Structures are given as C-alpha cells and as structure tokens.
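No lab work stands behind these numbers, since they all come straight from the coordinates. Remember, it's a predicted structure, so these values are computed and weren't measured experimentally. Quick reminder, even Gly has a Cβ in these numbers, built from the backbone with ideal geometry, and neighbours come from all protein chains shown.
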Protein chains: 2
Amino acid sequence: MASIASDGGDESDARTALLDATQRLMLSEGYAAVTSRRVAAEAGVNPGLVYYYFGPMDELFLEVFRRSAARSLERQAEALASEQPLWALWDLIRDQTNTALNVEFLALGNHRKAVMAEMKEFSLRFRRLQFEGLSTILAAYGVDTSQWPPEAVMLLMDAAARFMGEERSYGLNLGHSHTITVVERLIGQLEGKRRTRGRRRAR
Amino acid sequence: MASIASDGGDESDARTALLDATQRLMLSEGYAAVTSRRVAAEAGVNPGLVYYYFGPMDELFLEVFRRSAARSLERQAEALASEQPLWALWDLIRDQTNTALNVEFLALGNHRKAVMAEMKEFSLRFRRLQFEGLSTILAAYGVDTSQWPPEAVMLLMDAAARFMGEERSYGLNLGHSHTITVVERLIGQLEGKRRTRGRRRAR
DNA sequence: GTCTATAGCTGGATAGAC
DNA sequence: GTCTATCCAGCTATAGAC
C-alpha cells in the first residue's frame, strides 16, 4: 500500500506517502480537506502516523511547502542557466501545478502564521535569484534596463503566468491566448524562436 | 450591538451585520475561520440567525461574493466611463481589499462547487465588459490592436495589479515599485498624466 | 425574528499496546 | 514504527420556546 521508494533515497515510505497525499489533497480539494484522518486515508497509512512524523498539522503543511520550494529553486536555477533563459523561465512559471498549489498556500498563510513566515522568506530568496539572473540576461540582449528594469520584466511575466493559472483553475480562460501571444512575441524579439520545449510534466 | 443601517436601505440589520462580519473574518483570518458561531460572535448576533437568514453556510459565502461582485461591476463601469479610463481601471484593480478577498474565494471555490460556479459566471461577465470598454478606448488612443489586443492589455494590467496585491498580503514587495513605474509610464504615454486620484478608501 | 438546547459528527492530539 | 482507543473541542444544522 505504501509507495516503493522516494527518489531522495532515505525518507521513510510512510512519511513520503503522507507528504504526497497532502499535496494531492490540497490540489484536488483545497487545504481545508487536509485533516489527519483524511490525509492518512489518502496515503494508505494509519492516522496516528501523521503526529508521529510531523507533530502538529502546521508542520505537515510546512514540509510540503519546503519540498515544493526546494524543487522550484532547482528548476529555476536550471532555467536561468539554460540556452534560452527567457523561454525557459516563461515555461516554468506557467506550470499549472505550482500555480494551483500556490493559491492554497496563499490562503493557508492567511491564518497560519508559521506558514506565512516561511512563504515570505522563500519568496525573497526566489525573487532575488530571478532578479540577479535577469539583469545579466537583459543586459546581454541589449535591453534598456532604465526603461525596462529586470524586476519589472520578471514580475510582469510571473504575474501574467500565475494569474492565468489561477483563472484556469476555475475554468476561465478568456483572453489568455491573446496574452500568451503578446508575451511570446516579446520574448521572441529578444531571444528568437523557442528551440526546445521547456514545458514538462509537473512533479 | 447591530449596525444602524445598511446603505442599501431595506436589508435587516442582523443580516447585513453577518455579511459584513463574514467579509471581515475572511480578510483577517481566512475563510476557514468563518464558522456559524464565530461569524455570529463577530457580528454581535445569535448563531442561530445564520441559518435563519442564509440556510447552509455555502449560501452565506455566496451572498458575500455576490455583494462584492455587484460593487465591483459598478465601480468598473464608472472607471470605464471616466475621463481617464486607463488610470481609473489601474487604480481600481490595485485596490487591496478586492485582491485579498479574491484569494480567499479562489481557495474556497476549490472545495465548494457552488462558489466556483458563481465565480466563473461573474468573471466572464466582468471580463467581457472590460474587453468591450478597452477596445473602444485603445482604438481611440490609436493603439495598434493587432499587436496589443485589448484582451492582452487588460489581462496584463490586471495580473500585475492582483499579483502584487497577493504578494503584499504576506509582506513581500520586492520589485513592486519598479513594476508600477513601468506600467504607469505606459499608461501615461497613452493617456497623459493622471489628473484625478482614483484610489479611494476600500469599502 | 431571536434565542436556547441539543443531536450528531468530525477533527486535533495523546496514551499506550504491540 | 505502527495501530487502537479515546478525550475533548468545535462545528453544522435543526427543533422548538419565547
């Protein structure tokens, strides 16, 4: 009933199954659906194990967040170092899983202080890396960064991607194709045609 | 203990107090904090009245959503009809209250089917009005709408505004000032300097 | 319209057997 | 490490007195 192995290596099966189940439940039914009993059932383990591995529920959420955050940092570093960093970043931030999970954490942070603190800390690190990476890239493309500072370019791209992701999550996609066309035209003007398909399976 | 009068006129005091309390609680502690007992205490009325006025809790959330949606439609119509519609729209969508409430409804919709359906329906109406309004406006300003379709312009503006609102809600504002400068420079190029301050007190 | 009381349920968290 | 049993709190929703 438990999964065979985690790719990390030395996590216990039950622990990993609980983390996976939590993420799955948050995505499919929202964070409020994550109760100790429900998540244990979804993971196929005993409810008592939630408290054995994580203590209070807060810590379970935090661990899911940290795991997902670490993955995002890795993927972002790859994107920034790739051949076509703007295309790679754009594809990355458009990933549906991250977006949907983000909405849940955003709302969760609203009434769990510890979660909010962790989100803020992570986002700061994440953004600083984006800004550093983008300044080099835009400078190399000859962009006038006094008119288009990397901070603004990055935020606009990110905002567009995540916002459309949020809308799509409740079935709305009015105007999305027009917006994607515009953004991709601008990226294309700086970086040429997309050569590799950066989109990949989520998770 | 109940508020004196609603501006609409003929709503009962207790009913209005419950709607206000629900919105307040959603903003301060998240939708999960809205329970019949809690919201009644916040409104200063008896918990039984929640069920008397709204039936099941879903309906309470829906009424708050409808009320806020109606207000948004009005304000948007005003903005589109104003002297400087781009500035007015930008100021409107940057309103913090709407953004934060939106995150809550987004997450709430994830596990309350009725809420999600209502959100989708409203958003469709809302966007269609935006697109219609903006096409006239951009055409009047001589914008090349094959390069910059109103749908894309609107979504990019909206995405930027709401995204920054979301980040601000957990204390993050890295790069926001740069982004605001860029957006406002672009608006200024089309519409000239902002003449009236469109920002107003929320609610 | 407002309040009390309560049925019935679900959840967080722990103690302790195995 | 895993599982059972259980305490206690808090919640939705309704019935019925006033």
Quiz item: What angle, in degrees between 0 and 90 and rounded to the nearest 10, separates the Cα long axis of helix B:57-81 from the longest principal axis of the Cα atoms of chain B?
Solution: 30
Quiz prompt | Ranking of B:144, A:158, B:95, B:58 by count of other Cβ atoms within 10 Å, fewest first | solution = B:144, B:58, B:95, A:158
Self-check item: Shielding by other protein chains, A:165-173, mean Cβ within 10 Å
Solution: 5
Quiz item: Helix B:176-191: angle to the longest alpha-carbon principal axis of chain B, degrees 0 to 90, nearest 10?
Solution: 60
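Take A:148, A:90 and order them by how many other Cβ atoms sit within 10 Å, fewest up front.
Ordered from fewest to most neighbouring Cβ atoms within 10 Å, A:148, A:90 come out as A:148, A:90.
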Quiz item: About its Cα centre, how strong a charge dipole does segment A:1-112 have in debye, to the nearest 20, once Lys and Arg get +1 and Asp and Glu get -1 at the Cβ?
Solution: 360
Quiz item: Counting Lys and Arg as +1 and Asp and Glu as -1, each charge on the Cβ, what is the dipole of chain A about the Cα centre in debye, to the nearest 20?
Solution: 360
Self-check item: Rounded to the nearest 20 debye, dipole of the protein assembly as shown from Cβ charges on Lys, Arg, Asp, Glu
Solution: 300
Quiz item: Once you mark the GluC sites (Glu not before Pro) that are in a DSSP loop and have at most 16 other Cβ atoms within 10 Å, what is the longest gap between them in chain B?
Solution: B:84-203
Quiz item: Per-residue ellipticity at 222 nm for chain B, helices alone: DSSP H runs ≥ 4 residues times -39500 (n - 2.57), over residue total, nearest 500 deg cm²/dmol?
Solution: -23500 deg cm²/dmol
Self-check item: Nearest-ten-degree value, helix B:96-109 long axis tilted from longest Cα axis of chain B
Solution: 60
